[in-house]
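Here the structure comes first, spelled out in structure tokens, and everything after it is commentary.
The values are calculated or read from the model by the stated rules, or taken from the named source; none is laboratory data. This is a predicted model, so every value here is computed, not measured. Heads up, the Cβs are rebuilt from the backbone with ideal geometry, glycines too, and the neighbour counts pull from every protein chain shown.
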């Protein structure tokens, strides 16, 4: 319902050098999605941003993804690993707190709307741990109103991204929070 699936299809398609186009004649008229992938990067003569010359942007960054959607975790884990990150996932805030107690991370990306413990309760518990007070934590949510962003910053999040999140936006945010990745787990 938030368009996350289509955004992920677009990102994966672009990673393979392809394009996705969506067309509709209006409400109730259906939609047509055209996905184009090159048969071979060599045969297509791709230059510039082809996969052989593309360099991962966040190499060595140790990330924790916290989200109750297994599909979202799996997809972003794979995408972030393709950018050079070392990624661990937690399917609940409580599981995420457990991982934070036993491992060190450079950045955490947390969903806001999760059952049992939401993202605001998660950040409150995280910030209560002295060794995690300065750890960069990015809030990820389908809500994108200005008051949501302000509320997240006041709660202790370092940044806010609205779903569907584009890989480029996530990498840009990670780079702005941690400009240099010389190895995993520098915070702690």
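Listing for the model above:
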| item | result |
| --- | --- |
| Residue match in the range 27-39 (condition: modelled with pLDDT of 85 or more, surrounded by 15 or more Cβ atoms within 10 Å (Cβ to Cβ) and in contact with a strand residue (DSSP E or B) (Cβ under 6 Å, 6 or more places away or on another chain)) | no |
| Flag if residue 59 is farther than 17 Å from residue 110 by Cβ and modelled with pLDDT of 80 or more | yes |
| Positions within the range 55-95 being closer than 19 Å to residue 116 by Cβ and outside any helix (DSSP H, G or I), in sequence order | 64, 65, 66, 67, 68, 69, 89, 90, 91, 92 |
| Residue 76 in contact (Cβ under 8 Å) with a residue 24 or more places away in the chain and closer than 28 Å to residue 6 by Cα | yes |
| Matching residues, the range 130-164, being assigned to a loop (DSSP other than H, G, I, E, B) and at pLDDT 85 or above | 133, 134, 135, 136, 156, 157, 158 |
| Meets criteria (crowded, with 19+ Cβ neighbours inside 10 Å and in contact with a helix residue (DSSP H, G or I) (Cβ under 6 Å, 6 or more places away or on another chain)) for residue 93 | yes |
